Amino acid sequence: MKAPELPVDEPQRLQQLRALNLLHTPAEERFDRLTRLARRLFNAPVALVSLLEEDHQWFKSAAGYAAQTAPRNTSFCGHAILQDDVMVVENALEDERFHDNPLVNNELPVRFYAGCPLRTPSGAKVGTLCIIDHQPRHFDSEDYTTLRDLAAMAESELTAFQTATSDELTRITNRRGFMTLGQLLLNECLVKHQPACLTFLDLDKFKQINDTLGHKEGDHALIDFADAMKVSFRNGDLFARLGGDEFVVLFHGLHLDDAHRVLLRFDDYLQQHTESLHRQYMLHFSSGVVEFDPLHPLSLEQLLEGSDARMYAAKREKHQTRQ
């Protein structure tokens, strides 16, 4: 086994890493959504945001991996930060640096690794965004581009305020984050000829909650709705608050009928969740689902427009039915 060498700027690198004030902080959605998305896009069992301390690596986000730390001297990421671009190990058993590494010879062996260095604004490589598989695999030019794109987003989050791509109130993705990540998902669906569905979700009678119970209770309603989304939707689905009482979900790999079934289950859970909190109201929503067809692709903006139109049509129909 070959232990990773230290970067030539190691003292400055450690200083900049610690100045980020991220080490050993709680999990954050702004990083977790990137590792969830990486697992989905690459169909990989493990995705990590790894930060390299003096003698260990610490995982700011770990999707599919239970440990929070690992020794630096056996890490693949320690080697990855020595490079300027993505480091790929397609079969660790055939790489002289790793063939006898303990990570390659345990119960869940690392066979494949791809990691992109994460830099601070001054250029110090403080960690990686990486994916791991237990089987050897090929990594093509499209994969390189996708991993670089995700790493660029992780880099921006290293120094950005959480509000950069997260909604401050609900702690889920905001409009800016959705537009960036959503386009990545659609690009992947296009390349791999996979379906997807997008739906607007608009809370019914939200203004009434605000007007009769106050804005604080309105905030509780929005948080409750977002919390139900976190429980109900899959790790690979992308959901966000666009603003006000408008939310959106991009279902990766689902056709129209599948998406409608998921929304029915979400509605059932939402009612149970709201009732368990003993709120003075029940939460209901209107939705409008449109399907992304990789053979006749629409842009993310076009899908949003189509879904918005269907959602408002459904809301009008509800209003007419009540009259």
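Go through (1) within 30 Å of Asp227 (Cβ to Cβ); (2) in contact with a strand residue (DSSP E or B) (Cβ under 8 Å, 6 or more places away or on another chain) and name the single condition Glu168 misses.
Of the numbered conditions (1) within 30 Å of Asp227 (Cβ to Cβ); (2) in contact with a strand residue (DSSP E or B) (Cβ under 8 Å, 6 or more places away or on another chain), the odd one out for Glu168 is (2).
What are the residue pairs meeting all of these: first residue in segment 189-214, first residue without any contact (Cβ under 8 Å) to a residue 12 or more places away in the chain, second residue open to solvent by less than 70 Å² (accessible area, probe 1.4 Å), Cβ atoms under 6 Å, and 6 or more apart or on different chains?
Taking only residues 6 or more apart or on different chains, the pairs are Asn210/Gly218.
Which members of segment 17-65 meet the condition of being in contact (Cβ under 8 Å) with a residue 40 or more places away in the chain and touching a Phe, Trp or Tyr at 6+ places or on another chain (Cβ under 6 Å)?
Those that are in contact (Cβ under 8 Å) with a residue 40 or more places away in the chain and touching a Phe, Trp or Tyr at 6+ places or on another chain (Cβ under 6 Å): Val46, Leu48, Val49, Ser50, Leu51, Lys60.
Please find, within segment 180-215, the residue that is most open to solvent (accessible area, probe 1.4 Å) out of those that are assigned to a helix (DSSP H, G or I) and among the hydroxyl-bearing types (Ser, Thr, Tyr). Before the answer, list the steps.
First, pick out the residues of segment 180-215 that are assigned to a helix (DSSP H, G or I): 180-192, 206-213, 215.
Next cut, among the hydroxyl-bearing types (Ser, Thr, Tyr) only: 180, 212.
Details: Thr180: 62, Thr212: 97 Å².
Once the filter is applied, the top-ranked residue is Thr212.
Can you spot a residue in segment 5-26 that is modelled with pLDDT under 90, out of contact with any Cys (no Cβ under 8 Å at 6 or more places or on another chain), charged (D, E, K, R) and open to solvent by less than 40 Å² (accessible area, probe 1.4 Å)?
Taking every residue of segment 5-26 in turn, none turns out to be modelled with pLDDT under 90, out of contact with any Cys (no Cβ under 8 Å at 6 or more places or on another chain), charged (D, E, K, R) and open to solvent by less than 40 Å² (accessible area, probe 1.4 Å).
Among the numbered criteria (1) in contact with a Phe, Trp or Tyr (Cβ under 7 Å, 6 or more places away or on another chain); (2) assigned to a helix (DSSP H, G or I); (3) open to solvent by 20 Å² or more (accessible area, probe 1.4 Å), which single criterion is violated by Arg241?
(2)
Which condition from (1) under 30 Å from Ser141 (Cα atoms); (2) assigned to a helix (DSSP H, G or I); (3) not β-branched (Val, Ile, Thr) is the one that Arg234 breaks?
Condition (2) is where Arg234 drops out.
Determine if segment 288-311 includes at least one residue that is touching a Lys or Arg at 6+ places or on another chain (Cβ under 6 Å), more than 29 Å from Glu28 (Cα to Cα), outside any helix (DSSP H, G or I) and in contact (Cβ under 8 Å) with a residue 40 or more places away in the chain.
Taking every residue of segment 288-311 in turn, at least one turns out to be touching a Lys or Arg at 6+ places or on another chain (Cβ under 6 Å), more than 29 Å from Glu28 (Cα to Cα), outside any helix (DSSP H, G or I) and in contact (Cβ under 8 Å) with a residue 40 or more places away in the chain.
Please state which of the following conditions Val46 fails to meet, knowing it meets all the rest: (1) within 26 Å of Leu169 (Cβ to Cβ); (2) buried (at least 19 other Cβ atoms within 10 Å of the Cβ); (3) β-branched (Val, Ile, Thr).
(1)
Collect the residues in segment 96-136 that are open to solvent by 60 Å² or more (accessible area, probe 1.4 Å) and not polar (S, T, N, Q), keeping them in residue-number order.
At the first step, the residues of segment 96-136 found to be open to solvent by 60 Å² or more (accessible area, probe 1.4 Å) are 96, 99-100, 102, 105-108, 119, 121-122, 135-136.
Hits for segment 96-136 are Glu96, His99, Asp100, Pro102, Glu107, Leu108, Arg119, Pro121, Pro136.
Give the number of residues within segment 123-177 that are charged (D, E, K, R) and either touching a residue at least 60 places away in the same chain (Cβ under 8 Å) or within 28 Å of Leu14 (Cβ to Cβ) (or both). Walk me through it before giving the result.
Start the filter on segment 123-177 by keeping residues that are charged (D, E, K, R), which leaves 125, 133, 137, 140, 142-143, 148-149, 155, 157, 167-168, 171, 175-176.
Applying the additional criterion that residues be either touching a residue at least 60 places away in the same chain (Cβ under 8 Å) or within 28 Å of Leu14 (Cβ to Cβ) (or both) yields 125, 133, 143, 148-149, 155, 157, 167, 171, 175.
Count: 10.
Using the structure shown, decide if Arg171 is part of a helix (DSSP H, G or I), open to solvent by 60 Å² or more (accessible area, probe 1.4 Å) and closer than 23 Å to Asp32 by Cβ.
So Arg171 does not fit the description; no.
Answer yes if at least one residue in segment 60-74 is closer than 16 Å to Asp133 by Cα, open to solvent by less than 20 Å² (accessible area, probe 1.4 Å) and over 22 Å from the mean Cα position of the chain (by Cα), and no otherwise.
no
Quick check on segment 14-59: of everything there that is of a type in the set (Gly, Ala, Ser) and closer than 23 Å to Asp167 by Cα, which residue is nearest to the chain's Cα centre (by Cα)? So that I can check it myself, show each step before the final result.
Within segment 14-59, the first condition is being of a type in the set (Gly, Ala, Ser), and the residues that meet it are 19, 27, 38, 44, 47, 50.
Add one more test, that the residue is closer than 23 Å to Asp167 by Cα, and what stays is 27, 38.
Numbers: Ala27: 13, Ala38: 7 Å.
Only one residue fits best here, namely Ala38.
Out of segment 259-292, which residues are among the charged types (D, E, K, R) and exposed (fewer than 14 other Cβ atoms within 10 Å of the Cβ)? Step through it out loud before you land on a result.
Initially, segment 259-292 is screened for residues among the charged types (D, E, K, R), giving 261, 265, 267-268, 275, 279, 291.
Within segment 259-292, Arg261, Arg265, Asp268, Glu275 qualify.
If Leu254 satisfies every condition in (1) in a helix (DSSP H, G or I); (2) without any contact (Cβ under 8 Å) to a residue 60 or more places away in the chain; (3) in contact with a strand residue (DSSP E or B) (Cβ under 6 Å, 6 or more places away or on another chain) but one, which is the exception?
In the conditions (1) in a helix (DSSP H, G or I); (2) without any contact (Cβ under 8 Å) to a residue 60 or more places away in the chain; (3) in contact with a strand residue (DSSP E or B) (Cβ under 6 Å, 6 or more places away or on another chain), Leu254 misses (1) alone.
The values are calculated or read from the model by the stated rules, or taken from the named source; none is laboratory data. The structure presented is a predicted model; accordingly, all values stated were derived computationally and were not measured. Cβ coordinates were reconstructed from backbone atoms using ideal geometry, including for glycine residues, and neighbour counts include every protein chain displayed. To get the accessible areas, we keep the full protein, side chains included, count just its heavy atoms, and leave off ligands, DNA and RNA. Shrake-Rupley method; radii C 1.70, N 1.55, O 1.52, S 1.80 Å.
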